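S.K.: To start, I am sharing the structure in question, which I have written as structure tokens.
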Amino acid sequence: MITLQLLVNGLALGAAYALVALGFVLVLNATAAVNFAQGDLVMAGGLLGVALAPYLPGYLPLPGLLLLPVVLVLMAGLGLLLAAAAYLPLRRRPPVAVFISTIAAGIILQNGASVLFGPEPRAAPPLLSGGTLDLGGLVVAEQSLAIIAVAALLIAGQQWLFGRTQLGRRLRATAQDPEMARACGVPVAAMILITFALGTAFAGAAGLLLANRYFVTPTAGGDLILKAYIAVTIGGWGSVPGAVAGALLIALFEVGVSSVLSYPVALGLLYATLLVILLARPQGLFGEAARRRA
């Protein structure tokens, strides 16, 4: 039986997964290619929080929240570098070239993190004080509630940017039809750079959110990219709401099954459920028209 506490924990995990999947699908829509470095970018965001934590005064009650904007900005810069090195030079090549270049970028991040931080699991500071709240006899971690709130604000901010601003309209035009957008005067290369920056910033935020409760290691990215890929597949390729919904479903499934059985069983059942969904509804929950993907 899933209690309210497990539900909150599942929603917190799903909120972090949603940021990973959101960044993944934004780049996917803008480039029609898969960024397989997304999981390693999450790891980089978590380790960046670990590296910056010693520079915070010890008495601060909101350590992670103060680190969050710094991590967002620095990871956005890393996203610009990733786009300039791994995508733009190859954008006119077959999609498999980007597929391989992002895998190579992820391996570089993994090895760099191993050299700088070692293989040991590390924890970033909590968003709040790291305490708990007593809600009528139900104890809920403040970190879980903070993760849900921060992820919701970031996702709402992305929706506002894309739906209400001129920049967002240009980003959407680039994702929908880059050739037509270019013909209408939209700087497509710049829009792709901005999309990579946003996607990487979301990955970094997810890393900071996850690294306190679930720790972070240089090899943590592999599992996270699989979760993002599954979330996007379940939600429907190219669908932002689908990616978020898929991420929440994955996390709630993991937490619910793990509480009754075990995490390995939950993971196996997750992949089995994915196969069933692909057989029954291959376009996902929020299916889109077919497009060629890397």
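S.K.: Can you classify the range 1-85 as rounded, prolate or oblate using the Cα gyration tensor, where a ≥ b ≥ c are the square roots of its eigenvalues, rounded means a/c under 1.5, and otherwise it's prolate if a/b beats b/c and oblate if not?
M.R.: Judged from the Cα gyration tensor, the range 1-85 comes out oblate (a/c at least 1.5, b/c at or above a/b).
S.K.: Now a separate question. Find the accessible area per residue for the range 191-242; the probe is 1.4 Å, ligands and nucleic acids are left out, and the unit is Å².
M.R.: 25
S.K.: Oh, and also: Please give the helix 263-280 orientation as an angle from the longest Cα principal axis of the chain, in degrees from 0 to 90, rounded to the nearest 10.
M.R.: Roughly 40 degrees between the two axes.
S.K.: Once phi is turned into ³J(HN,Hα) by the Karplus curve 6.51 cos²θ - 1.76 cosθ + 1.60 with θ = phi - 60°, what whole-Hz value does each residue of the range 18-33 show in order, with x for glycine and proline?
M.R.: The phi angles translate into 5, 5, 4, 5, 5, x, 4, 6, 4, 5, 4, 5, 6, 10, 6, 9 Hz.
S.K.: Next up: Explain nothing, just the number: relative contact order of the range 1-108, from Cα pairs under 8 Å at least 6 residues apart, as a whole percent.
M.R.: Relative contact order comes out at 33 percent.
S.K.: Taking trypsin sites (Lys or Arg not before Pro) as candidate sites, keep only those in a DSSP loop with at most 14 other Cβ atoms within 10 Å, then name the longest stretch of the chain containing none of them.
M.R.: My reading of the result: 93-290 is the longest stretch.
S.K.: A further question follows. Is the C-alpha gyration tensor of the range 81-215 telling us rounded, prolate or oblate? Criteria: a/c under 1.5 is rounded; beyond that, a/b larger than b/c is prolate, otherwise oblate.
M.R.: It is oblate, given that a/c is not under 1.5 and a/b is not larger than b/c.
S.K.: Sorted from largest to smallest, which semi-axis lengths in Å does the alpha carbon gyration tensor of the chain give for its equivalent ellipsoid, taking the root of 5 times each eigenvalue?
M.R.: In descending order the semi-axes read 30, 23, 18 Å.
S.K.: Rounded to the nearest 10 Å², what accessible area does residue 138 show when all protein chains are kept and the probe is 1.4 Å?
M.R.: 40
S.K.: Cα gyration tensor of the range 184-294, axes a ≥ b ≥ c as square roots of the eigenvalues: rounded (a/c below 1.5), prolate (a/b > b/c) or oblate?
M.R.: Oblate shape, in that a/c is at least 1.5 and b/c is the bigger or equal ratio.
S.K.: In addition: How long is the gain from residue 283 to residue 219 if the chain were fully straight, where each residue apart is worth 0.36 nm and the alpha carbon distance is subtracted?
M.R.: Residue separation times 0.36 nm, minus the Cα-Cα distance, leaves 20.0 nm.
S.K.: Sticking with this structure for a sec: Please give the helix 221-235 orientation as an angle from the longest Cα principal axis of the chain, in degrees from 0 to 90, rounded to the nearest 10.
M.R.: 70
S.K.: Under the rule of at least 5 residues apart or a separate chain, name every residue whose amide H is placed under 5 Å from the amide H of residue 132.
M.R.: For residue 132, whose amide H was placed from the backbone, the distant partners under 5 Å are 142.
S.K.: In Å², and per residue, what accessible area does the range 83-122 have when probed at 1.4 Å with the other protein chains present?
M.R.: Accessible area per residue: 62 Å².
S.K.: Using the Cα centre of the chain as origin and beta-carbon charges of +1 (Lys, Arg) and -1 (Asp, Glu), tell me which of 215, 174, 65 is placed farthest towards the positive end of the dipole.
M.R.: 174
S.K.: If R₀ is 51 angstrom, what is the calculated FRET efficiency for the pair residue 138 and residue 169, using the beta carbon separation as r and rounding to 0.05?
M.R.: FRET efficiency, residue 138 to residue 169: 0.70.
S.K.: In addition: Sketch the reach of a paramagnetic label on residue 275 as a point 7 Å from Cα along Cα-to-Cβ, and name the residues of the range 213-233 whose backbone nitrogen lies under 20 Å away.
M.R.: 226-233
S.K.: Right, here's the next one. If you take the Cα atoms of the range 142-249, find Rg, then find the Kirkwood Rh from the mean of 1/r over all pairs, what is Rg/Rh?
M.R.: 1.01
S.K.: Any chance you could tell me what percent of the C-alpha pair distances in the range 64-114 go past 12 Å?
M.R.: Pairs farther apart than 12 Å: 69 percent.
The values are calculated or read from the model by the stated rules, or taken from the named source; none is laboratory data. Note that this is a predicted model, so its numbers are computed, not measured. As a convention, Cβ positions derive from the backbone with ideal geometry for all residues, glycine included, and neighbour counts pool all protein chains shown. Each accessible area value is taken on the protein alone, full model and side chains, heavy atoms only, with ligands, DNA and RNA left out. Shrake-Rupley method; radii C 1.70, N 1.55, O 1.52, S 1.80 Å.
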